[in-house]
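Only the coordinates and a few stated rules stand behind these numbers; no lab work does. Just so it is clear, the structure is predicted and the values come from calculations on it, not from any experiment. All Cβ positions, glycine included, derive from the backbone under ideal geometry; neighbour counts span all protein chains shown.
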Amino acid sequence: MGSETQRAAITITLDITPKLQAELARQAAAHGSALEAYAAALLEEAVHLPDDAVFDKARAQTAAARIRELRKGVTLDGLTIKELINEGRR
């Protein structure tokens, strides 16, 4: 479903702020795309069509690296996981 040759064209009108439109236009230009094509690609990516359920190893690795980066400095205040579980049972 996600390939260019299988797309059926429809028109959707969105009411967005000028600030959002400007940012979309900036990002589209940075990707070398027309605003409409870039917005359509963003929507397609956000929807996660069931037919496109192909494992993307690079995307998974990027997500895992982001999670590892976000957890840096996060602590449990000296508690173990077992202690937290027991605390949650009280």
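Run lengths n ≥ 4 of DSSP H only: what is the helix-derived mean residue ellipticity at 222 nm for the chain, with -39500 (n - 2.57) per run over all residues, to the nearest 500? Provide the component values of the computation, followed by the final result.
Working: 4 runs with 50 residues, N = 90.
Dividing the helical sum by the residues of the chain leaves -17500 deg cm²/dmol.
In whole Å, what three semi-axes, largest first, describe the equivalent ellipsoid of the stretch 4-89 built from its Cα gyration tensor (square root of 5 times each eigenvalue)? The partial results should precede the final answer.
Details: eigenvalues 310, 69, 43 Å².
They are 39, 19, 15 Å, listed largest first.
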In nanometres, what is the gap between the two model label sites at Arg26 and Val47, each 7 Å from Cα along Cα-to-Cβ? 2.8
Relative to the first principal axis of the alpha-carbon coordinates of the chain, what is the inclination of helix 57-71, with its axis defined by its Cα atoms, in degrees from 0 to 90 and to the nearest 10? 50
